[in-house]
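One structure below.
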Amino acid sequence: MASQQDISHSVGEAVGQAQVKKDEVINQAANSAQEAKDSTSTTLDQSSAAQTASDLKDQAANFLQQTGEQVKNMAQGAAEAVKNTLGMNTDSSSNAAANTNNPTNTPSPTI
């Protein structure tokens, strides 16, 4: 028959092994949770970066489109001004707009 001391020793050994096993399981769960958190964080960071890049691309495209339209309008205005200056403008609306200061083309009275 096993002595009480042998039984106590066996129980203590079993308790110790159970404690070690419990610690291993808790560590594995904690490691798995941390890996899942890191993976999710990386995915969210990549998604956020992709969205930011897409937003910046859209903003740049809008800016370039607006700038292109402004340059085009300025070039058309400059061409009209040169035509008016040289008397080559065939557009009657531009000539009428150019003569708004003195619509009758008569000299201004002097005071």
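The values are calculated or read from the model by the stated rules, or taken from the named source; none is laboratory data. Given the structure is predicted, the values throughout are model-derived calculations rather than measurements. Cβ: placed from backbone, ideal geometry, glycine included. Neighbour counts: every protein chain shown. Heads up: the accessible areas ignore ligands, DNA and RNA and are worked out on the full protein's heavy atoms, side chains in. Shrake-Rupley method; radii C 1.70, N 1.55, O 1.52, S 1.80 Å.
Numerical summary
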{"item": "Yes/no for L56 being at pLDDT below 85 and either under 26 Å from the mean Cα position of the chain (by Cα) or at positive phi (or both)", "result": "no"}
{"item": "Yes/no for M74 being modelled with pLDDT of 90 or more, of a type outside the set (K, R) and open to solvent by 90 Å² or more (accessible area, probe 1.4 Å)", "result": "yes"}
{"item": "From the options L64, L44, residue that is modelled with pLDDT of 90 or more, open to solvent by 80 Å² or more (accessible area, probe 1.4 Å) and either over 30 Å from N89 (Cα atoms) or not aromatic (F, W, Y) (or both)", "result": "L64"}
{"item": "Condition met for Q5 (surrounded by fewer than 10 Cβ atoms within 10 Å (Cβ to Cβ) and not β-branched (V, I, T))", "result": "yes"}
